[in-house]
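Reading through the structure tokens given below for one structure.
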Ligand SMILES: [Zn+2]
């Protein structure tokens, strides 16, 4: 209580007067039977708006000469007002007073949220919020408000706090996850500001072993679809994610997570990763140029994709038994069959020129691409061709869709990889060596690579220790 009295003395004269009035109201209420107070809570006229408007008056300095109760206050209204005050005092105790002393402008009023609907205008929104024409005009004259509110989109919202007389006290608009526009209206003066949260980047480690397929291992490890695809893209030059993944393969990665004032904001780049495929270890480190290099500094990019089919369409059919016939078929079968749904996009494994695109009864729809004097790739049984003979294609460009045209028993892509006129196994053939990091970048890259790979090794040990 002594603390309360000290606080009371610290308050401006105006507030002391208000508090005295409030105390009086409480005393009066204490002598009213509780039943009545309960009953009044049930009256329809007692709406939420009245209840939170009053505490606002309690915290916002009233203009000189203004009464606590609204000028038009009917007896019933002021009774409700008194009740609301009682609740406030009882529930918030002295904390509210301390807050009041500390920061008068930081009102704890309940706020109303107004969502922008499709086809809405700012004017319509302000009208729903019952702002006066004058207030709308004043707000739209403020430079920051003008800049940010003009681009408001459906689904976004404006938060509004009002004084007891219904006049605007506070307007807030969340520009994005990091920035918020705040307009204060105090004593007829407007102030506006854009507050920006501190964005902090943290490194997050994830490690997983593949039990059924790569996709679900990624999901189980907490990666989102975009991250799983990114991981497959990083290693997709070395690993055929459609056919080469085996039970027991594993991956570990460190990626960025962004936090705004400690709150999770979004996932950032994969900084470093390791992929162990059938006992072979592949590494990748993201350098400042945005490209990925192996831990030793070789570019992850190669002249050819290991697989011309997007793995995510095939991985759902993951079946170790189905994979065995591929090697068994090597002699009579001069390529690799990718089984997936009809319509699955087929990509050019490397940049080159379409030397043949047509149809015959054996190949069905087919496309042959000549990459240079050494390499040619062939794509058979397509449902549709999307390139023509003579056309130049980029690596990864969609050249058609998977089908079951020609002499086939089911839908699949038959893919051939020809080196100097000789058919080679596309999944094991040595692909042209990738470029390395530029000589002048090497010291900086090696330092980065060393620390990130060490972090992965360390985290893996921690991860294993925690599982045992
Ligand atoms: Zn085949």
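Considered as a group, the residues in region 203-226 that are in contact with a strand residue (DSSP E or B) (Cβ under 9 Å, 6 or more places away or on another chain) and surrounded by 19 or more Cβ atoms within 10 Å (Cβ to Cβ) include one that is nearest to residue 254 (Cα to Cα), and that residue is 206.
When we screen 348, 357 for residues that are over 40 Å from the mean Cα position of the chain (by Cα), crowded, with 21+ Cβ neighbours inside 10 Å and modelled with pLDDT of 95 or more, the only hit is 357. Only one of the listed residues (141, 169) is surrounded by 17 or more Cβ atoms within 10 Å (Cβ to Cβ) and closer than 13 Å to residue 183 by Cβ. That residue is 169.
Checked against (1) part of a loop (DSSP other than H, G, I, E, B); (2) more than 16 Å from the ligand (Cβ to nearest atom); (3) modelled with pLDDT under 90; (4) in contact with a helix residue (DSSP H, G or I) (Cβ under 7 Å, 6 or more places away or on another chain), residue 340 meets all criteria but (2). Every condition in (1) within 15 Å of the ligand (Cβ to nearest atom); (2) modelled with pLDDT under 95; (3) under 24 Å from residue 432 (Cβ atoms) holds for residue 396 except the one numbered (1).
Might you check whether a residue that is under 14 Å from residue 308 (Cα atoms), crowded, with 21+ Cβ neighbours inside 10 Å, within 13 Å of the ligand (Cβ to nearest atom) and in contact (Cβ under 8 Å) with a residue 12 or more places away in the chain occurs anywhere in region 369-376? Looking for residues that are under 14 Å from residue 308 (Cα atoms), crowded, with 21+ Cβ neighbours inside 10 Å, within 13 Å of the ligand (Cβ to nearest atom) and in contact (Cβ under 8 Å) with a residue 12 or more places away in the chain, one finds none in region 369-376, hence no.
Does region 402-439 hold any residues that are part of a strand (DSSP E or B), surrounded by fewer than 20 Cβ atoms within 10 Å (Cβ to Cβ) and touching a residue at least 24 places away in the same chain (Cβ under 8 Å), and which are they? Scanning region 402-439 gives 416, 419, 423, 436. Here is a check on your reading of the model: is residue 333 more than 13 Å from residue 411 (Cα to Cα), modelled with pLDDT of 70 or more and within 16 Å of the ligand (Cβ to nearest atom)? When the stated conditions are applied, residue 333 passes them. Scanning region 404-426 for residues that are closer than 17 Å to residue 303 by Cα and either away from the ligand (no atom under 16 Å from the Cβ) or in contact with a helix residue (DSSP H, G or I) (Cβ under 8 Å, 6 or more places away or on another chain) (or both) yields 419, 420.
The values are calculated or read from the model by the stated rules, or taken from the named source; none is laboratory data. Quick caveat: nothing in here was measured; it's all calculated off a predicted structure. Glycine gets a Cβ as well: all are built from the backbone with ideal geometry, and neighbour counts include every protein chain shown.
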